[in-house]
Number of protein chains: 2
Amino acid sequence: MTLQIYGDRISGNCLKVKWTADYLSVPYRWIDIDVLKDEAKTPAFLALNPAGQVPTVVLEDGRVLAQSNAIITYLAEGSDLIPVDTYDRAKMLEWMYWEQYSHEPYIAVVRFQRHMMGKSADQIEPRLIERGYGALARMETGLAGRAYLASDRATLADVALVAYTRLAPQGGFDMQAYPLVQAWIARVEADLNITD
Amino acid sequence: MTLQIYGDRISGNCLKVKWTADYLSVPYRWIDIDVLKDEAKTPAFLALNPAGQVPTVVLEDGRVLAQSNAIITYLAEGSDLIPVDTYDRAKMLEWMYWEQYSHEPYIAVVRFQRHMMGKSADQIEPRLIERGYGALARMETGLAGRAYLASDRATLADVALVAYTRLAPQGGFDMQAYPLVQAWIARVEADLNITD
């Protein structure tokens, strides 16, 4: 059985999995799940993933795996997207956990509320915007003097973080103060052939 | 130079690192950082970790690593806390990312507000409590028919999740409906010699 990816193309978390599979030439079948229509909360989908979240993948042997950053790590094992150096690999994980805790809940959530739910800037909780800018500033610092976040080439840290950082303008975030982040987005998009 | 762990013992995220180092007999020096006194936000600490978060470790060679789940993965590489089986290892990561995104922001935050800030139950945002119970229910489902989350013995997924789950009662969470979770807490505490 081919790997099946249950995902929604409006979700950066889902696109991470698509880009990684495409980059590594892993064959897969994509199954659209419309998050806005609560298709990840149906009894059928909850039987697959009790957390009711996409992306969720069904592996070749029928076993199920969830959480975007866990899935891309599984797919990329042994590839050049995971550094061989122990410290670089640990830094990659540091950025990936930071992404889920200190970046996605602000950058992705604000983008969702503005771009998907059609809220105006003044309908967004100011704390979310403030912390979103905090995350962009943290990335700008992290990219000082280096081309990629965790190693001297693109790793899963860059895959994980480019997903929503490139969509930050859809959340109304002004990227002008983050030139290193802007250059890094273009670099990672080119390396991974990201167009969608 | 000995490994240095900057942490606060009131933080489950910091204790994860302590327990892992103790379990693996990794020598370290513990440096207390009082989060309530904003000691992770001083210029000196921000120079170490620009994210201003604990735990942060300084490795033997002086390099810095942050994010609890990245640190314990670094420490535990090659040990029995990380499954050799590819799928079990991926499930371990799934639980660890889920912990940071869907468990810690509710279970740990509610516990912090009640136990550390002294808020009463009705001063807590109901959404946080509701999602905390959702996380406990998700764990109860995940433990059906198995003793540990990701493998047939304790892994980093259990270390990561036991940290705040065992403190959930300090947040006012009633554990009665989660007998599998309760038994699992006792099991993991015994396996890892967790007393603090």
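The values are calculated or read from the model by the stated rules, or taken from the named source; none is laboratory data. Here the structure is a predicted model, which is why all the values come from computation and not from measurement. Every residue, glycine as well, gets a Cβ built from its backbone with ideal geometry; the counts of neighbours run over all protein chains shown. Note: areas computed on protein heavy atoms with side chains; ligands, DNA, RNA excluded. Shrake-Rupley method; radii C 1.70, N 1.55, O 1.52, S 1.80 Å.
Taking only segment B:68-93 into account, find how many residues are open to solvent by less than 50 Å² (accessible area, probe 1.4 Å) and either assigned to a helix (DSSP H, G or I) or of a type outside the set (A, V, I, L, M) (or both). Matching residues across segment B:68-93 total 16. Would you confirm whether any residue within segment A:109-116 is part of a helix (DSSP H, G or I), in the same structural domain as A:ALA168 (by TED's automatic domain parsing), closer than 16 Å to A:TYR133 by Cα and open to solvent by less than 20 Å² (accessible area, probe 1.4 Å)? Yes; the residues of segment A:109-116 include at least one that is part of a helix (DSSP H, G or I), in the same structural domain as A:ALA168 (by TED's automatic domain parsing), closer than 16 Å to A:TYR133 by Cα and open to solvent by less than 20 Å² (accessible area, probe 1.4 Å).
Results for (1) closer than 23 Å to A:ARG9 by Cα; (2) within 15 Å of the chain's Cα centre (by Cα); (3) in contact (Cβ under 8 Å) with a residue 60 or more places away in the chain, shown as yes or no for each residue.
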position	(1), (2), (3)
A:PRO126	no, no, no
A:TYR133	no, no, no
A:GLY145	no, no, no
A:LEU149	no, yes, no
A:ASP152	no, no, no
A:GLY171	yes, no, yes
A:VAL188	yes, yes, no
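On the basis of being farther than 16 Å from A:VAL159 by Cα and within 14 Å of chain B (Cβ to nearest Cβ), does A:ASP8 make the cut? The answer is no for A:ASP8. Give the residues of segment A:19-33 that are out of contact with any Ser or Thr (no Cβ under 7 Å at 6 or more places or on another chain) and open to solvent by 50 Å² or more (accessible area, probe 1.4 Å), sorted by residue number. Matches in segment A:19-33: A:ASP22, A:TYR23, A:SER25, A:ASP32. Taken together, B:LEU59, B:LEU46, B:LEU36, B:LEU65 contain a single residue that is facing another protein chain (nearest Cβ under 10 Å), open to solvent by 60 Å² or more (accessible area, probe 1.4 Å) and under 27 Å from A:ALA137 (Cβ atoms), which is B:LEU46. A single entry from B:ALA76, B:ALA51, B:ALA90 fulfils the requirement of being within 26 Å of A:GLU77 (Cα to Cα), within 8 Å of chain A (Cβ to nearest Cβ) and not polar (S, T, N, Q): B:ALA90.
In this structure, does B:GLN100 turn out to be under 25 Å from A:LYS91 (Cβ atoms), outside the structural domain of B:LEU24 (by TED's automatic domain parsing) and of a type outside the set (A, V, I, L, M, F, W, C)? So B:GLN100 fits the description; yes.
When you look at A:LYS16, is it open to solvent by less than 10 Å² (accessible area, probe 1.4 Å) and basic (Lys, Arg), yes or no? Spelling it out, A:LYS16 is indeed open to solvent by less than 10 Å² (accessible area, probe 1.4 Å) and basic (Lys, Arg).
Of all the residues that make up segment A:1-41, how many are assigned to a loop (DSSP other than H, G, I, E, B) and either more than 16 Å from A:SER68 (Cβ to Cβ) or assigned by TED's automatic domain parsing to the domain that holds A:TYR97 (or both)? If you could, list the steps in order and put the result at the bottom.
Filtering segment A:1-41 for residues assigned to a loop (DSSP other than H, G, I, E, B) gives A:1-2, A:8-11, A:24-27, A:33-34, A:38-41.
Restricting the remaining residues to those that are either more than 16 Å from A:SER68 (Cβ to Cβ) or assigned by TED's automatic domain parsing to the domain that holds A:TYR97 (or both) gives A:1-2, A:25, A:27, A:34, A:38-39, A:41.
Qualifying residue count, segment A:1-41: 8.
The set of residues in segment A:154-169 that are within 13 Å of chain B (Cβ to nearest Cβ) and free of Cβ contacts under 8 Å to residues at least 12 places away in the same chain is empty. Annotation note: Cβ proximity below 7 Å between a residue of segment B:69-86 that is free of Cβ contacts under 8 Å to residues at least 12 places away in the same chain and a residue that is among the charged types (D, E, K, R) and open to solvent by 20 Å² or more (accessible area, probe 1.4 Å) (sequence gap 6+ or interchain) occurs for B:THR86/A:GLU77.
Within the group B:MET139, B:MET96, which residue is within 9 Å of chain A (Cβ to nearest Cβ), assigned to a helix (DSSP H, G or I) and under 20 Å from the mean Cα position of the chain (by Cα)? Every option except B:MET96 fails the conditions.
What's the total number of residues in segment A:117-136 that are outside any helix (DSSP H, G or I) and either within 14 Å of another protein chain (Cβ to nearest Cβ) or over 18 Å from A:MET175 (Cβ atoms) (or both)?
Initial filter on segment A:117-136 (outside any helix (DSSP H, G or I)): A:117-120, A:124-125.
Now drop any that are not either within 14 Å of another protein chain (Cβ to nearest Cβ) or over 18 Å from A:MET175 (Cβ atoms) (or both), which leaves A:117-120, A:125.
So the count comes out to 5.
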